[in-house]
Amino acid sequence: MNENIANKRMPDNEKLYHIGLCHNDLEGAEIAILPGDPGRVLYLSEMLIASPKKLAVNREYTSYLANIGEKKILIMSTGMGGPSIGIGLEEMAMIGVKKFIRVGTTGTIQEKIQIGDLLVSTGAVRLDGTSIHYAPLEYPAVADLELNVNLTQAAKDLSIPIHYGLTASSDTFYPGQERYDSYSGFVRRHFKDSVEEWRKLNVMNFEMEASTLFTICAVFGLQAACICAVIAKRTKSESVDKSKYDNSMRNIMAIIKRSVENG
Ligand code: URA
């Protein structure tokens, strides 16, 4: 919690407009696992318990309640991009969620990283527009140290290899990630050769939410982490390859489960 700001809490039974949840729905859950895709929420929840409890479906925000041991865990989709995750974070914070772990898919721009590999973000390049509504660009978008230590230790315990390092978060999948296989094929001068520049600057990957997540949570004094599965290897091809996706997601959920048990 950041004691320099107000930290508004909603009445326990008042449902928030976008996420359709109130504090009482959480049954004490303070940790949220956040995929982007609403269609992935049940799939991930069932990796934690056999019969997760469906909470709400509204716009891009689908939510279920599951358990890790005795702890209740919220699994909620955020939709794609900064504006969607930003609204979700505001409302989850107002009903009492304190720890946020994004579970995403991503494209790597590094030769040494392969399809199916897992990437833990230590920080994010703020190519989004939402985070500057919360803090100036000079403000760093960094993951929470405790969550990242727990995730990396859990991965070690389970002998699941991970990479950790910097992520670039873009508001667009196509021009902002310098993709030419779009409707127009047009990429503004501003983004031309940007993938090569970020690659040289040792950025591991592109996705669309981490910088907003890290900035807002740092401002709010809440904890955030991001772990992604690689589904595109941009040094080789622009196509998405989901052949390793199920295995990657099972490993991500095993790491999160272990990190919550350890924590
Ligand atoms: N998600 C992204 O934002 N970019 C990719 O390349 C793959 C997934």
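The values are calculated or read from the model by the stated rules, or taken from the named source; none is laboratory data. As the structure is a prediction and not an experimental result, all values here were calculated from the model. Cβ atoms come from the backbone with ideal geometry, glycine included; neighbour counts cover every protein chain shown. Remember, those area values only see protein heavy atoms, side chains included, never the ligands or the DNA or RNA. Shrake-Rupley method; radii C 1.70, N 1.55, O 1.52, S 1.80 Å.
Apart from one condition, V149 fits all of (1) within 10 Å of the ligand (Cβ to nearest atom); (2) open to solvent by 60 Å² or more (accessible area, probe 1.4 Å); the exception is (1).
Can Y180 be described as open to solvent by 80 Å² or more (accessible area, probe 1.4 Å), more than 10 Å from the ligand (Cβ to nearest atom) and more than 30 Å from I5 (Cβ to Cβ)?
Working: open to solvent by 80 Å² or more (accessible area, probe 1.4 Å): yes; more than 10 Å from the ligand (Cβ to nearest atom): yes; more than 30 Å from I5 (Cβ to Cβ): yes.
Considered against the rule, which asks whether it is open to solvent by 80 Å² or more (accessible area, probe 1.4 Å), more than 10 Å from the ligand (Cβ to nearest atom) and more than 30 Å from I5 (Cβ to Cβ), Y180 comes out as yes.
Set side by side, the residues F100, F173 differ, and just one is open to solvent by 70 Å² or more (accessible area, probe 1.4 Å), at pLDDT 95 or above, under 25 Å from I19 (Cβ atoms) and not in a helix (DSSP H, G or I), which is F173. On the given criteria, is G88 touching a Gly at 6+ places or on another chain (Cβ under 9 Å), open to solvent by less than 60 Å² (accessible area, probe 1.4 Å) and either closer than 19 Å to S211 by Cβ or part of a loop (DSSP other than H, G, I, E, B) (or both)? Yes, satisfied. Set side by side, the residues A141, A66, A93, A135 differ, and just one is in contact with a Gly (Cβ under 7 Å, 6 or more places away or on another chain), away from the ligand (no atom under 13 Å from the Cβ) and among the small types (G, A, S), which is A141.
For the stretch 128-135, indicate whether the set of residues that are farther than 18 Å from A218 by Cβ, modelled with pLDDT of 95 or more and surrounded by 15 or more Cβ atoms within 10 Å (Cβ to Cβ) is non-empty.
Within the stretch 128-135, the first condition is being farther than 18 Å from A218 by Cβ, and the residues that meet it are none.
Among the residues of the stretch 128-135, not one is farther than 18 Å from A218 by Cβ, modelled with pLDDT of 95 or more and surrounded by 15 or more Cβ atoms within 10 Å (Cβ to Cβ), which makes the answer no.
Considering A155, A141, the condition of being modelled with pLDDT of 95 or more, closer than 21 Å to N262 by Cβ and either assigned by TED's automatic domain parsing to the domain that holds T215 or among the β-branched types (V, I, T) (or both) is satisfied by A155 alone.
Please verify whether I162 is within 17 Å of M253 (Cβ to Cβ), in contact with a strand residue (DSSP E or B) (Cβ under 8 Å, 6 or more places away or on another chain), hydrophobic (A, V, I, L, M, F, W, C) and not assigned by TED's automatic domain parsing to the domain that holds I33, treating the condition exactly as stated. Talk me through it step by step, then tell me what you get.
Details: within 17 Å of M253 (Cβ to Cβ): yes; in contact with a strand residue (DSSP E or B) (Cβ under 8 Å, 6 or more places away or on another chain): yes; hydrophobic (A, V, I, L, M, F, W, C): yes; not assigned by TED's automatic domain parsing to the domain that holds I33: yes.
Answer is yes for this residue.
Of the residues in the stretch 239-262, at least one is modelled with pLDDT under 95, surrounded by fewer than 15 Cβ atoms within 10 Å (Cβ to Cβ) and more than 16 Å from the ligand (Cβ to nearest atom). Within the stretch 114-127, does at least one residue satisfy the condition of being within 15 Å of the ligand (Cβ to nearest atom), surrounded by 15 or more Cβ atoms within 10 Å (Cβ to Cβ), of a type outside the set (A, V, I, L, M, F, W, C) and assigned to a loop (DSSP other than H, G, I, E, B)? Yes, there is a match, as at least one residue in the stretch 114-127 is within 15 Å of the ligand (Cβ to nearest atom), surrounded by 15 or more Cβ atoms within 10 Å (Cβ to Cβ), of a type outside the set (A, V, I, L, M, F, W, C) and assigned to a loop (DSSP other than H, G, I, E, B). Residues that are closer than 18 Å to L151 by Cα and either open to solvent by less than 30 Å² (accessible area, probe 1.4 Å) or basic (K, R) (or both) within the stretch 183-234 comprise M204, A210, L213, F214, C217, A224, A225, C226, I227, C228, A229, V230, listed in sequence order. On the given criteria, is V195 within 13 Å of the ligand (Cβ to nearest atom) and under 20 Å from the mean Cα position of the chain (by Cα)? When the stated conditions are applied, V195 does not pass them.
The number of residues in the stretch 169-187 being closer than 23 Å to I85 by Cα and among the hydrophobic types (A, V, I, L, M, F, W, C) comes to 1.
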